[in-house]
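Asker: There's a structure below that I have some questions on.
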Amino acid sequence: MSRSDATERFSSRVADYVRYRPGYPPALLDWLHADIGVAAQTRIADIGAGTGISTRLFLAAGHPVIAVEPNAAMRQAAEQWLAPDYPQLQVVDGTAEATTLADGSVGVVAAAQAFHWFDTEAVRHEWKRILQPGGLALVFWNSRLLDTSPFLTGYEQLLLEFGTDYTQVAERYQTDEQMREWFGTGLRGIAGFPNVQHLDYDGLRGRLLSSSYAPQAGHPRHAAMLQALEHLFATHAVDGHVAFEYQTRAFVGTLN
């Protein structure tokens, strides 16, 4: 997949992404501050910031944030959502490998739900350039649990049956061991935190359609996919909701 394909594949899904993608648990910031020792005033470059879900997490904790995002529609969504309430936000057009930021300008470089799209060797050099001496790289994902409930097992099967390139995208996520290797001797910490969305049918539908591999309206598999989703929801919903469960995986360290 080319860099331009990875950048633009969410352009038609921005509204669903803003409304239905999960946030991140507060315990992640507690860990970063208390266990790792990052001060709340540390400037963070949020790389591949998208619509600003991770950016808001940092801003709400008091961090000044530079949100770096190459997709124009997502940048606009982040600015509209966050700029009115957070004057310490700066949004720039840049990529993970070419951020446009100044040398030594940030204390933390963060990538949430985006690292698997990057050229991981190119970003090492770029992130080392923009980090202050002793600065940290923080990489984290909401990893959807695949088989811890009958609903989640059924949802995984739905993606395997109807997703356009689901297998290829799913295989891009780095494992814990790959992240240990990427950080090497600079690794400072690994953590995992439970995270969950309780979704009604509209929320579940929006969550599905926010995924880049879910066929959209007009695709031959779109209608059949939604019919299968309705059946899955009807089978497993309790009090009108299903539990969409994640493990938030986080890795932090210096870059050697």
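The values are calculated or read from the model by the stated rules, or taken from the named source; none is laboratory data. All values reported here derive from a predicted model rather than from experimental measurement. When we count neighbours, we look across all protein chains shown, and the Cβ atoms used for this are built from the backbone with ideal geometry, even at glycine. In case anyone asks, the SASA skips ligands and DNA or RNA and just uses the protein heavy atoms, side chains included. Shrake-Rupley method; radii C 1.70, N 1.55, O 1.52, S 1.80 Å.
Asker: As I understand it, the dipole of the chain uses +1 on the Cβ of Lys and Arg and -1 on the Cβ of Asp and Glu, about the Cα centre. Which of 142, 47, 218 lies farthest toward its positive end?
Answerer: My answer, from the dipole projection, is 47.
Asker: Taking a 1.4 Å probe, which of 105, 211 shows the most accessible area, and what order do the others take after it?
Answerer: Details: 105 30, 211 0 Å².
Result, largest first: 105, 211.
Asker: Enumerate the helices in the chain for which the Kyte-Doolittle hydropathy averages -1.0 or more and the C-alpha atoms extend at least 30 Å along the helix's axis, using complete DSSP H runs. Show your work: numbers first, answer last.
Answerer: On the way: long enough: none.
Both cut-offs are met by no helix.
Asker: What residue among 72, 15, 122 shows peak mean-square fluctuation when the chain is described by a Gaussian network model with Cα springs under 10 Å?
Answerer: Sorting by GNM fluctuation, first place goes to 122.
Asker: Let's see if you can work this out: charge +1 on each Lys and Arg Cβ, -1 on each Asp and Glu Cβ, no other charges. What is the dipole magnitude of the chain about its Cα centre, in debye to the nearest 20? Let's see the in-between values first.
Answerer: Values: 19 positive and 28 negative charges, 68 e Å.
Approximately 320 debye in magnitude.
Asker: Given charges of +1 on the Cβ of Lys and Arg and -1 on the Cβ of Asp and Glu, with all other atoms neutral, how large is the dipole of the range 82-208 about its Cα centre, in debye to the nearest 20? The partial results should precede the final answer.
Answerer: Values: 9 positive and 17 negative charges, 77 e Å.
Dipole magnitude for the range 82-208 comes out near 360 debye.
Asker: Further question: Order the following by accessible area, largest value first: 57, 138. Probe radius 1.4 Å; ligands, DNA and RNA are ignored.
Answerer: Working: 57 30, 138 0 Å².
Largest accessible area first, the list is 57, 138.
Asker: Identify, among 37, 189, 168, the residue whose Cα sits farthest towards the positive end of the charge dipole of the chain, taking +1 on the Cβ of Lys and Arg and -1 on the Cβ of Asp and Glu, with the dipole about the Cα centre.
Answerer: 37
Asker: List the equivalent ellipsoid semi-axes of the chain in whole Å, largest first, each obtained as the square root of 5λ for an eigenvalue λ of the Cα gyration tensor. Please report the intermediate quantities before stating the final value.
Answerer: Numbers: eigenvalues 195, 73, 65 Å².
Whole-Å semi-axes of the equivalent ellipsoid: 31, 19, 18.
Asker: Something else now. Could you state how much accessible area residue 148 has, in square angstrom rounded to the nearest 10, with a 1.4 Å probe and all protein chains kept in place?
Answerer: Roll a 1.4 Å probe over it and residue 148 shows about 80 Å².
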